[in-house]
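To keep things clear, I will list the structure first and then write my remarks on it.
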Amino acid sequence: MRLQKLENSLDDLQIDAVLIRDSYNRRYLSGFTGSNAYLYISKNTKKLLTDFRYIEQANKQSPNFDIIDYTKFGLLKILNDIIDKDNAKTIGFEDETISYKEFITYEKGLKNVELLPIGDTVEKIRMIKDEEELRCIQKAASIGDLAYEHILKFVKPGVTEKEVALEIETCMKKNGAENLSFDTIVASGLNSSKPHAEPSDKKIEEGDFVTLDFGCIYKGYCSDMTRTFVVGKASEKQKEIYNIVLEAQLKAIEAVKAGCVGKDIDKIARDIITDKGYGDNFGHGLGHSVGLFIHEEPRFSYSDENVFTENMVVTVEPGIYVPGFGGVRIEDLVCVTKDGIINFVSSPKQLIEVV
């Protein structure tokens, strides 16, 4: 189905074949997880070119492709032979992900063909997840839920942000994660006003906001969630800010369904935060799509005019960040359905006071 969708786009792009190098696109289209390979895809043939290290792996993972070891004769020689036999005259390339150096290599090395950019053609196909992709993302999210439940029992005054991050990561891997979706964020006290603070040697103190933003990879697919809690008793201002963010998130989630527009969902949350006087303290977009890569398209942002469809997976993560005081972010990972969403994150969202 994935290959068929790409093949169907060749005519629209006015190309005979496409050359795929991006690791996420390559995995999506072929199933190959190694670090080095090129895909040549046309309506007539499908080739995966790799080196000796990955031949056995590629044969197992990519049954729909002819596997070729290009190292003996060189990549360009093999590609030119394939193109000549395929009678291809126009070749699409990933202009948004390859380097200028790679493009020059193609331009100089591929003979008697015209190179044409394909933009985000494959990424657009990846926007809508199939059932297997959804199962993997949901499983990754469930591992995150387990880690959050565990960390609430681990956190206490005197534990450092780095120690909390390590504990989260260890818990996820013990429960089936193959890797992290991104570097874990643990931000406590004043650090929590930094949306992407890095875990430090700072010790968590009584009265601190603690924001945890983390995710893991399961069978190649990412999860992403954020929770904020207070160690000890929350102050009235902490409760105020937290409840504003929670209201913004819940109202935005209520509006998500097939047919919604990215900027409209962002506006719902942003207007609530702005009306409460904290508009200048919410400076990032409301959410991003998630899949093989942690930040995919489309997005919930003030400028995104994409229409969301069923089986797109996206985060909803408003926040308020007050320098010199702290910050709150609450993030769920949801699957868009015809009439609403399926929330892949089940961890509680009410303000928790860890005592």
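The values are calculated or read from the model by the stated rules, or taken from the named source; none is laboratory data. All of these numbers come straight from a predicted model, not from anything done at the bench. Reconstructed Cβ throughout: ideal geometry from the backbone, glycine too, with neighbour counts over all protein chains shown. For the accessible areas, the whole protein counts, side chains as well, though only heavy atoms, and no ligand, DNA or RNA atoms are used. Shrake-Rupley method; radii C 1.70, N 1.55, O 1.52, S 1.80 Å.
If you take the residues of segment 43-82 that are under 14 Å from ARG27 (Cα atoms) and touching a Gly at 6+ places or on another chain (Cβ under 6 Å), which of them is surrounded by the most Cβ atoms within 10 Å (Cβ to Cβ)? The extreme case among them is SER62. The single condition among (1) over 30 Å from THR337 (Cβ atoms); (2) open to solvent by less than 10 Å² (accessible area, probe 1.4 Å) that TYR242 does not meet is (1). Checking each residue of segment 222-234 against the condition of being touching a helix residue (DSSP H, G or I) at 6+ places or on another chain (Cβ under 6 Å) and assigned to a loop (DSSP other than H, G, I, E, B) gives at least one match.
What number of residues in segment 209-220 are open to solvent by less than 20 Å² (accessible area, probe 1.4 Å) and out of contact with any Lys or Arg (no Cβ under 8 Å at 6 or more places or on another chain)?
Keep residues of segment 209-220 that are open to solvent by less than 20 Å² (accessible area, probe 1.4 Å), which gives 209-216, 220.
Narrowing the set further to residues that are out of contact with any Lys or Arg (no Cβ under 8 Å at 6 or more places or on another chain) leaves 209-210, 214-215.
Total satisfying the criteria: 4.
Table: residues versus (1) polar (S, T, N, Q); (2) in a loop (DSSP other than H, G, I, E, B).
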site: LYS162; (1), (2): no, no
site: ALA165; (1), (2): no, no
site: GLU169; (1), (2): no, no
site: LYS173; (1), (2): no, no
site: ALA177; (1), (2): no, yes
site: PHE182; (1), (2): no, yes
site: ALA187; (1), (2): no, no
site: ASN191; (1), (2): yes, no
site: HIS196; (1), (2): no, yes
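Quick one: which of SER42, SER35, SER23 is in contact with a helix residue (DSSP H, G or I) (Cβ under 7 Å, 6 or more places away or on another chain), over 15 Å from GLY119 (Cβ atoms) and at pLDDT 95 or above? SER42 is the lone residue from the list that is in contact with a helix residue (DSSP H, G or I) (Cβ under 7 Å, 6 or more places away or on another chain), over 15 Å from GLY119 (Cβ atoms) and at pLDDT 95 or above. With respect to the conditions (1) farther than 22 Å from LEU292 by Cβ; (2) free of Cβ contacts under 8 Å to residues at least 12 places away in the same chain, SER99 lacks only one, and its number is (1).
Part of a helix (DSSP H, G or I), touching a residue at least 40 places away in the same chain (Cβ under 8 Å), closer than 17 Å to PHE293 by Cα and in contact with a Ser or Thr (Cβ under 8 Å, 6 or more places away or on another chain) - does that describe any residue in segment 113-121? So that I can check it myself, show each step before the final result.
First pass over segment 113-121, keeping only residues part of a helix (DSSP H, G or I): 121.
Right, trim to touching a residue at least 40 places away in the same chain (Cβ under 8 Å) and you get 121.
Among the residues that remain, those that are also closer than 17 Å to PHE293 by Cα are: 121.
The next check asks that each one be in contact with a Ser or Thr (Cβ under 8 Å, 6 or more places away or on another chain); those that pass are 121.
Yes, some residue in segment 113-121 is part of a helix (DSSP H, G or I), touching a residue at least 40 places away in the same chain (Cβ under 8 Å), closer than 17 Å to PHE293 by Cα and in contact with a Ser or Thr (Cβ under 8 Å, 6 or more places away or on another chain).
Within segment 16-27, restricting attention to residues that are assigned to a helix (DSSP H, G or I) and open to solvent by less than 10 Å² (accessible area, probe 1.4 Å), which residue is farthest from LYS129 (Cα to Cα)? It would help to see each step written out before you state the result.
Step one: list which residues in segment 16-27 are assigned to a helix (DSSP H, G or I), which gives 23-27.
Retained after the next criterion (residues that are open to solvent by less than 10 Å² (accessible area, probe 1.4 Å)): 25-26.
Working: ASN25: 14, ARG26: 16 Å.
Within segment 16-27, the match that is farthest from LYS129 (Cα to Cα) is ARG26.
None of LYS153, LYS108, LYS162 is without any contact (Cβ under 8 Å) to a residue 40 or more places away in the chain and in contact with a Pro (Cβ under 8 Å, 6 or more places away or on another chain) except LYS162. Segment 46-109 holds helices (runs of 4 or more DSSP H) entirely within its bounds, and those carrying 2 or more residues that are under 18 Å from ILE15 (Cβ atoms) map to 75-86, 100-109.
For segment 235-252, the tally of residues that are in a helix (DSSP H, G or I) and out of contact with any helix residue (DSSP H, G or I) (no Cβ under 9 Å at 6 or more places or on another chain) stands at 9.
Taking ASN87, is it exposed (fewer than 14 other Cβ atoms within 10 Å of the Cβ), of a type in the set (S, T, N, Q) and closer than 17 Å to LEU110 by Cβ? When the stated conditions are applied, ASN87 passes them.
Checking segment 304-311 against the condition returns a match, with at least one residue being in contact with a helix residue (DSSP H, G or I) (Cβ under 9 Å, 6 or more places away or on another chain), among the charged types (D, E, K, R) and either outside any loop (DSSP other than H, G, I, E, B) or open to solvent by less than 20 Å² (accessible area, probe 1.4 Å) (or both). Determine whether segment 262-276 contains at least one residue that is part of a strand (DSSP E or B), in contact (Cβ under 8 Å) with a residue 12 or more places away in the chain and either hydrophobic (A, V, I, L, M, F, W, C) or surrounded by fewer than 21 Cβ atoms within 10 Å (Cβ to Cβ) (or both). Checked segment 262-276: no residue is part of a strand (DSSP E or B), in contact (Cβ under 8 Å) with a residue 12 or more places away in the chain and either hydrophobic (A, V, I, L, M, F, W, C) or surrounded by fewer than 21 Cβ atoms within 10 Å (Cβ to Cβ) (or both). Can you tell me which residue within segment 170-184, out of those that are open to solvent by less than 60 Å² (accessible area, probe 1.4 Å) and in contact (Cβ under 8 Å) with a residue 40 or more places away in the chain, is farthest from SER223 (Cα to Cα)? Only one residue fits best here, namely GLY176.
The residues listed here are ILE137, ILE128, ILE104; of these, the one that is among the aliphatic types (A, V, I, L, M), out of contact with any helix residue (DSSP H, G or I) (no Cβ under 8 Å at 6 or more places or on another chain) and surrounded by fewer than 14 Cβ atoms within 10 Å (Cβ to Cβ) is ILE104.
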